[in-house]
Amino acid sequence: MSSQPPIGEIHPAIRSAPGVPVIRNVNWGGLATLYIKEVRRFFKVQLQTVWAPAMTTLLFLIVFTIATGAKSPVHVGGTIIPFADFIAPGLIISQGMMGPAFANASFSLLVGKIQGTIVDYLQPPLSSAELLAALVGGAVTRALIVGTVVWAAMALYPGVHVTPHAPLAILWFGLLGAVFLALLGVLTSIWAEKFDHAAAVTNFVIAPLSLLSGTFYSVDRLAPAFRAFSHANPFFYIISGFRYGFLGVADSPVMLGGVVILVIDVVLAGACYALLRSGWKLKN
């Protein structure tokens, strides 16, 4: 007797007929695997990816509060805030979270293109949305870890108060800010062909927008032209909203800032998805 199944039936050892997709919805296993790979990658060099940016952020705090003698209070919305308390939240989100998120996301696909291992990202049975979610998730995880380390260190720093005032605002703007820079990092890694291109985006786009976003000063004290420029800077809304989470005051309407950053994140996510789906500069 033959052990072959009748014509039209599928052998029990075969999970699906040829040509029929096994993964019909979300490939949770593949998504989790790529996410864990991204997290393990930066954890293997945590001295550079976690502790170095945390130390740099703390040095900014030390320089601006001690070395420069900048201890005069800052006026925000009619409220007088000690200078150290004012700059601490901005340093946590801009230097401790958004910078590492961009660095992590801009490295993954770029190093794959340079080393010829980009197929490791494109060949597995992952959709463009799943690939994007894993890359952004790894970058946001790194941002949250570095931000938590910086916040814990600042909580122990004398003369600095970083007690949460509105935890939901901290979570909202912290996550949206990290996702914003992670998506910019993915866009950069898709476009860039060498590390110099990614470094150019960091030096000529990310750094100026971060430093001119009100991290070290209140935009209310600026001239009208510079104040208008600050309000056109997405970093300004992230830092202002994140600062509100600790101080209860902000340079701009918190709800407006939250909506603006959410819309920008959605637009950037759509752009990243479209480019990943098309394979621009990845499959060519």
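The values are calculated or read from the model by the stated rules, or taken from the named source; none is laboratory data. It should be emphasised that the depicted structure is a prediction, and the values quoted were computed from it without experimental measurement. Methodologically, a virtual Cβ is constructed for each residue, glycine included, from the backbone with ideal geometry; neighbour enumeration extends over all protein chains shown.
Conditions tested, residue by residue: (1) loosely packed, with under 12 Cβ neighbours inside 10 Å; (2) among the aromatic types (Phe, Trp, Tyr); (3) at positive phi; (4) in contact (Cβ under 8 Å) with a residue 60 or more places away in the chain.
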site: Tyr35; (1), (2), (3), (4): no, yes, no, yes
site: Arg41; (1), (2), (3), (4): no, no, no, yes
site: Phe60; (1), (2), (3), (4): no, yes, no, no
site: Val76; (1), (2), (3), (4): no, no, no, yes
site: Ile80; (1), (2), (3), (4): yes, no, no, no
site: Ile93; (1), (2), (3), (4): no, no, no, yes
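Give Ala105, Ala152 a once-over and let me know the one that is of a type in the set (Gly, Ala, Ser) and crowded, with 17+ Cβ neighbours inside 10 Å. Checking each option against the conditions leaves just Ala105. For the range 47-58, the set of residues classified as within 20 Å of Ala207 (Cβ to Cβ) and free of Cβ contacts under 8 Å to residues at least 12 places away in the same chain consists of Gln48, Ala52, Met55, listed by residue number.
From the list Phe86, Phe102, the one residue that fits, being closer than 30 Å to Ser240 by Cβ, in contact with a strand residue (DSSP E or B) (Cβ under 7 Å, 6 or more places away or on another chain) and in a helix (DSSP H, G or I), is Phe86. Kindly establish whether Phe242 is at pLDDT below 95 and aromatic (Phe, Trp, Tyr). Considered against the rule, which asks whether it is at pLDDT below 95 and aromatic (Phe, Trp, Tyr), Phe242 comes out as no. Looking at the structure I just gave you, is Ala228 surrounded by fewer than 13 Cβ atoms within 10 Å (Cβ to Cβ) and farther than 24 Å from Thr57 by Cα? Here the answer is yes, as Ala228 does meet what is asked. Residues in the range 1-46 that are farther than 27 Å from Ile118 by Cβ and either at pLDDT 60 or above or of a type in the set (A, V, I, L, M) (or both): Met1, Ile7, Ile10, Ala13, Ile14, Ala17, Val20.
Considering the range 43-58, and only residues there that are part of a helix (DSSP H, G or I) and among the hydrophobic types (A, V, I, L, M, F, W, C), the residue that is surrounded by the fewest Cβ atoms within 10 Å (Cβ to Cβ) turns out to be Leu47.
Before we move on, is Phe246 touching an Asp or Glu at 6+ places or on another chain (Cβ under 8 Å) and closer than 20 Å to Phe60 by Cα? Break it down into steps so the answer makes sense when it comes.
Details: touching an Asp or Glu at 6+ places or on another chain (Cβ under 8 Å): yes; closer than 20 Å to Phe60 by Cα: yes.
Taking the combined requirement at face value, the residue satisfies it.
Of all the criteria given as (1) of a type outside the set (Lys, Arg); (2) crowded, with 16+ Cβ neighbours inside 10 Å; (3) over 28 Å from Gly245 (Cα atoms), the one not satisfied by Gln123 is (2).
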